[in-house]
């Protein structure tokens with residue numbers, strides 16, 4: 001059977017960390033998503049970008065997460081071909097919703113199908129994580145793991161890579177609030193530059209306990225446990241000053257019924273966990289918007305829930 005002439009992949013937005021799970025926890029979101037098309041061509045890697053924030057996304061394959069992953073896979077498997085990669089961005093870049101990871105994961109997934117490489121999910125994650133060097137300056141797998149598996153993921157180990165995947169409770173809703181502002185290049189690197197170099201035993205104990213409880217909450221389907229455990233004593237306090245209105249947004253969301261609030265990834269988007277059986281997710285979203293408004297910052301808000309991983313939209317022979 002001839003290889004496909006074109007692969008089209010849907011790649012979900014993701015949120016990472018969920019408070020105390022820095023570089024370990026990830027969760028796929030039902031929306032927004034990207035559409036990524038991969039087409040074999042005679043030579044070179046070419047990238048076209050359209051959609052949200054397209055002007056801020058490099059098309060040089062060496063500086064684009066999708067291009068880095070494509071080059072890695074072509075080299076590792078000695079594939080003598082070029083590629084045209086079309087990124088239709090529905091995920092705004094540089095706000096903490098895994099936009100770069102969506103591109104990287106989608107290309108790994110698409111090339112696996114295109115060339116019948118027979119890679120399993122952890123192999124795809126290893127390759128997709130290499131793309132994050134282009135956006136964050138180093139490999140990290142929290143967002144790409146969630147994009148590939150869907151639901152909630154835990155990176156138990158980076159070396160060797162081992163991922164734990166759990167489904168999400170049916171009554172878990174998510175509110176996202178993205179403050180208005182310019183799309184900043186190198187945002188993730190800046191967010192990492194403010195992190196503490198040492199951690200007290202007290203803060204370590206706090207984060208281990210809360211991270212373990214989040215995992216237990218997903219395993220048992222307890223949204224309230226997940227929400228009240230999204231409390232980070234290390235990374236989030238160091239980054240809070242980067243987000244105007246951070247404290248007010250958090251207070252408003254909790255007062256309106258959210259059971260937990262955190263910075264989404266490296267931010268500046270903020271995420272609220274809502275138990276659908278106990279609170280109206282639209283009220284929480286409005287409260288978060290008002291929190292940003294109180295410090296004279298506009299914000300886009302939307303409601304979603306945990307979603308599935310990458311999926312094939314189309315295969316052309």
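The values are calculated or read from the model by the stated rules, or taken from the named source; none is laboratory data. All values reported here derive from a predicted model rather than from experimental measurement. Ideal geometry is used to build each Cβ from the backbone, glycine not excepted, and the neighbour counts take in all protein chains shown.
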The one condition residue 225 fails out of (1) part of a helix (DSSP H, G or I); (2) touching a residue at least 24 places away in the same chain (Cβ under 8 Å) is (2)
Would you mind finding the one in 279, 262 that is out of contact with any helix residue (DSSP H, G or I) (no Cβ under 9 Å at 6 or more places or on another chain), touching a residue at least 12 places away in the same chain (Cβ under 8 Å), over 30 Å from residue 120 (Cα atoms) and not in a helix (DSSP H, G or I)? 279
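Every residue in the range 38-51 that is in contact (Cβ under 8 Å) with a residue 40 or more places away in the chain and not in a strand (DSSP E or B), please.
Once the filter is applied, which keeps residues that are in contact (Cβ under 8 Å) with a residue 40 or more places away in the chain and not in a strand (DSSP E or B), the range 38-51 yields only 42.
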Among the numbered conditions (1) surrounded by 17 or more Cβ atoms within 10 Å (Cβ to Cβ); (2) touching a residue at least 40 places away in the same chain (Cβ under 8 Å); (3) closer than 30 Å to residue 239 by Cβ, tell me where residue 110 comes up short. (3)
Any idea how many residues of the range 122-148 are under 26 Å from residue 3 (Cβ atoms), surrounded by fewer than 24 Cβ atoms within 10 Å (Cβ to Cβ) and in contact with a strand residue (DSSP E or B) (Cβ under 7 Å, 6 or more places away or on another chain)? 2
For the range 208-259, what are the residues that are over 22 Å from residue 284 (Cα atoms), buried (at least 17 other Cβ atoms within 10 Å of the Cβ) and in contact with a strand residue (DSSP E or B) (Cβ under 8 Å, 6 or more places away or on another chain)? 211, 215, 234, 235, 239
Pull up the range 52-87, narrow it to residues that are surrounded by fewer than 17 Cβ atoms within 10 Å (Cβ to Cβ) and assigned to a strand (DSSP E or B), then point me to the one that is modelled with the highest pLDDT. 84
Name, by its number, the condition in (1) under 29 Å from residue 196 (Cβ atoms); (2) under 20 Å from the mean Cα position of the chain (by Cα); (3) surrounded by fewer than 24 Cβ atoms within 10 Å (Cβ to Cβ) that does not hold for residue 311. (1)
Just a yes or no: is a residue in the range 260-275 over 22 Å from the mean Cα position of the chain (by Cα), surrounded by fewer than 23 Cβ atoms within 10 Å (Cβ to Cβ) and at pLDDT 95 or above? no
Pick out the one residue from 107, 95, 144 that is more than 15 Å from residue 18 (Cβ to Cβ), assigned to a loop (DSSP other than H, G, I, E, B) and touching a helix residue (DSSP H, G or I) at 6+ places or on another chain (Cβ under 9 Å). 95
Does at least one position in the range 169-182 carry a residue that is modelled with pLDDT of 85 or more, part of a strand (DSSP E or B), touching a strand residue (DSSP E or B) at 6+ places or on another chain (Cβ under 7 Å) and more than 30 Å from residue 55 (Cα to Cα)? yes
